[in-house]
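Since the structure comes first, as structure tokens, the remarks are kept for the end.
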Amino acid sequence: MTKPKINVAIDGPAGAGKSTLAKWIARHYQYQLIDTGAMYRTIAFYTDNLNLSDEADIEELCLESHFKFKLMPDLSNLVWMNDREMSHNIRSARVSQLASQISKIRKVRVALVAQQRILADAKGCVMEGRDIGTIVLPDADIKFFMTGTVEVRAKRRLKDLHELGETSTLDEVMESIKHRDHQDETRKISPLKQAHDAILVDTTLLNIKDVFCILREKIDQVISQLN
């Protein structure tokens with residue numbers, strides 16, 4: 001008997017491990033992986049030369065943009081915007097900060113959330129970001145909120161940046177994460193917070209395999225209840 005497909009929401013701050021875990025979960029269940037952060041990063045990449053106060057131009061860019069994702073065998077999650085592959089252009093520290101700024105713009109969020117919900121309509125998706133369980137997919141079948149100490153999250157982010165060839169220090173990344181956390185948690189539009197029905201998972205002292213087992217067990221319980 002074919003197992004029913006569900007939608008999985010994974011939220012949390014930078015470096016909490018949600019991106020890696022979302023990839024592992026999507027691969028395990030053969031679900032579509034939707035990286036909402038990549039959508040904001042892609043818009044940020046294109047707005048780098050725009051005046052961020054000119055919200056009309058940024059909104060127009062969002063409304064004219066269409067996204068698709070593909071999880072590769074090596075677990076890289078490729079993202080296209082309007083048929084241009086953007087995955088390797090959007091992971092810099094500069095783009096991260098711009099993404100946090102544009103995510104405060106209400107019309108940007110409205111436009112991108114509408115696309116995210118359409119992508120999830122068919123069920124069988126893993127969506128990760130900062131407001132999935134609270135705003136984008138409040139009716140997701142299961143929700144997780146990943147967290148961890150600033151230092152541990154910064155070390156994970158630093159590793160990613162070094163693999164991209166950037167030369168940031170741990171102190172710099174820690175300050176950047178603290179700033180990003182503050183921006184995300186205090187913005188008026190869709191702030192980063194745990195949904196009331198999300199499962200909290202602190203990844204500080206756990207390795208990625210242990211966390212994956214925790215998430216998989218919880219997801220299997222939900223699927224089994226639907227059979």
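Residue-wise test of (1) under 28 Å from Arg109 (Cβ atoms); (2) in a helix (DSSP H, G or I); (3) in contact with a strand residue (DSSP E or B) (Cβ under 8 Å, 6 or more places away or on another chain).
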residue	(1), (2), (3)
Thr167	no, no, no
Asp171	no, yes, no
Gln183	yes, yes, no
Lys188	yes, no, no
Pro191	yes, no, no
Ala195	yes, no, yes
Phe212	no, yes, no
Glu217	no, yes, no
Asp220	no, yes, no
Discussion item. If Ala122 meets every condition in (1) under 13 Å from the mean Cα position of the chain (by Cα); (2) modelled with pLDDT under 95; (3) of a type in the set (A, V, I, L, M) apart from one, which number is that one?
Written reply: (1)
Discussion item. Can you pull out every residue in segment 200-216 that is aliphatic (A, V, I, L, M) and crowded, with 17+ Cβ neighbours inside 10 Å?
Written reply: Val201, Val211, Leu215
Worksheet entry | Selected residue (criterion: surrounded by the most Cβ atoms within 10 Å (Cβ to Cβ)) from residues of segment 1-25 that are charged (D, E, K, R) and assigned to a helix (DSSP H, G or I) | Lys18
Item to complete: Taking His28 as meeting all but one of (1) modelled with pLDDT under 90; (2) in a helix (DSSP H, G or I); (3) over 23 Å from Ile118 (Cβ atoms); (4) out of contact with any His (no Cβ under 9 Å at 6 or more places or on another chain), write down the number of the exception.
Response: (1)
Worksheet entry | Residue, farthest from Ala16 (Cα to Cα), within segment 174-203, restricted to residues that are touching a residue at least 40 places away in the same chain (Cβ under 8 Å) and β-branched (Val, Ile, Thr) | Ile189
Worksheet item: So is Gln194 within 23 Å of Thr134 (Cβ to Cβ) and surrounded by 13 or more Cβ atoms within 10 Å (Cβ to Cβ) or not?
Response: yes
Worksheet item: Taking segment 204-219 on its own, how many of its residues are farther than 14 Å from Trp24 by Cβ and free of Cβ contacts under 8 Å to residues at least 40 places away in the same chain?
Response: 1
Worksheet item: Residues in segment 38-57: is at least one in contact with a Lys or Arg (Cβ under 7 Å, 6 or more places away or on another chain) and among the aliphatic types (A, V, I, L, M)?
Response: no
Worksheet entry | Odd one out for Thr169 among (1) over 20 Å from Ala22 (Cα atoms); (2) of a type in the set (Ser, Thr, Tyr); (3) touching a residue at least 12 places away in the same chain (Cβ under 8 Å) | (3)
Worksheet item: Given the residues Asn77, Asn51, Asn89, Asn82, which is the only one that is farther than 30 Å from Gln221 by Cα and surrounded by 14 or more Cβ atoms within 10 Å (Cβ to Cβ)?
Response: Asn89
Worksheet item: Here are some conditions: (1) crowded, with 21+ Cβ neighbours inside 10 Å; (2) within 13 Å of the chain's Cα centre (by Cα); (3) within 16 Å of Ala38 (Cα to Cα); (4) at pLDDT 90 or above. Met146 meets all but one. Which one does it not meet?
Response: (3)
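The values are calculated or read from the model by the stated rules, or taken from the named source; none is laboratory data. What you see is a predicted model; the values in this text were computed from it and never measured. Virtual Cβ from ideal backbone geometry, glycine too; neighbours counted across all protein chains shown.
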